[in-house]
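The values are calculated or read from the model by the stated rules, or taken from the named source; none is laboratory data. This structure is a prediction, so every number in the text was calculated from the model and none was measured. Note that each Cβ is placed from the backbone with ideal geometry, even for glycine, and that neighbours are counted across all protein chains shown. For accessibility, only protein heavy atoms count, side chains too; no ligands or nucleic acids. Shrake-Rupley method; radii C 1.70, N 1.55, O 1.52, S 1.80 Å.
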Amino acid sequence: MSSGRLMLDVQGLSLVQSERDMISHPEAGGLILFGRNYQCKSQLSDLVADIREQNPGILLAVDHEGGRVQRFRHEFVRIPPMRMLAQLWVTDPEKAQQVAEDIGWLMAAELINHDIDISFAPVLDIDWSRSEIIGDRAFGQNAPQVISLASSFMAGMHDAGMAATGKHFPGHGWVAADSHLDTPCDERGFEVLCADDIKPFKTLIDQGLDAIMPAHIIYQQMDNKTAGFSDFWLKAILREKLGFTGVIFSDDLSMEGASAVGGFVERTQAALDAGCDMALVCNNPEGAEQVLTYLESYQGPSTVSINIMKHKKYTFDEQRFERVQDLILRLEA
């Protein structure tokens, strides 16, 4: 298993030599795939095999929540947005929980069947009807609803053998600005956040949440840094107060919400020093290369082992897969 601290990406449907060189670097601990890296299942298998040949222990990830955020579509089951589960929960909570577990299982099982280790899911943000970037990605409009459905979704992921990553700590649903394009500020106080937004994270941590991704948001009453660069949020609150012992991934350090810290080296240093275990640098090969060179001499704090993020050995259950696929089609009809 690689112990590298950087998760990078690649540009196309197959690797070029410069990408093979970067992937084989000892600080390349993970690789995230995007829609541009996918054409069909056979092409994905070839790409994954090439990546594994360069770095057998690398962690392969993708954003595959469903709805708007599903990178592999052709030949994969189209996963509905989580708002569909929230709407079902209003009339039939027990059925909604079972469907959430089934969909979490299907999403994870299909990815694992193609040698992808993790999907960055579930979203634990509350839909406050303010954030377009969260919106229908959320499991509900209040903490109990999000907890109920996200817990079931995580249980399905675990049943398939995939670790779950809750995002975006301590909650992205209140701010209207998109952290891909701006640096949002949440003006609410700590007690308000604890009363609602943080509750899903705390509950799922207690249930075995494996990893967390913090938000590129400034919670201005507590810190002048975004959560992903804040040792207050990552160490004092997440590690000490909430007792989280899993992996902390930074959100993409190419996003505008990370830009105030400086260049990619400065962003990576700030994220790791604050408590992140792995930094993500996407859509900027030059930036990723700079970070790899920097990490060769990085002397920061030790990180949580990412061995737990590798999925357990799993035998694909074709009958269950077909049943859940049919269930999704009926729900969307």
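Observations
- Each residue in region 226-254 was checked for being within 21 Å of G4 (Cβ to Cβ) and in a loop (DSSP other than H, G, I, E, B), and 4 pass.
- Selection of region 270-298 for residues being within 20 Å of V16 (Cα to Cα) and of a type in the set (S, T, Y) yields only T293.
- Test: residue in region 250-259 that is more than 19 Å from the chain's Cα centre (by Cα), modelled with pLDDT under 95 and open to solvent by 10 Å² or more (accessible area, probe 1.4 Å): yes
- 1 or more residues under 25 Å from Q70 (Cβ atoms), open to solvent by 10 Å² or more (accessible area, probe 1.4 Å) and in contact with a helix residue (DSSP H, G or I) (Cβ under 6 Å, 6 or more places away or on another chain): qualifying helices (runs of 4 or more DSSP H) within region 130-225: 143-160
- Residue that is touching a Cys at 6+ places or on another chain (Cβ under 8 Å), at pLDDT 95 or above and closer than 17 Å to V123 by Cα, where the choices are P200, P214: P214
- Inter-residue pairs, beta-carbon under 7 Å, first more than 12 Å from F72 (Cβ to Cβ) and in region 40-61, second part of a helix (DSSP H, G or I) and open to solvent by 10 Å² or more (accessible area, probe 1.4 Å), 6+ apart: Q54/R20
- Taken together, the residues in region 113-129 that are in contact with a strand residue (DSSP E or B) (Cβ under 9 Å, 6 or more places away or on another chain) and surrounded by fewer than 19 Cβ atoms within 10 Å (Cβ to Cβ) amount to 1.
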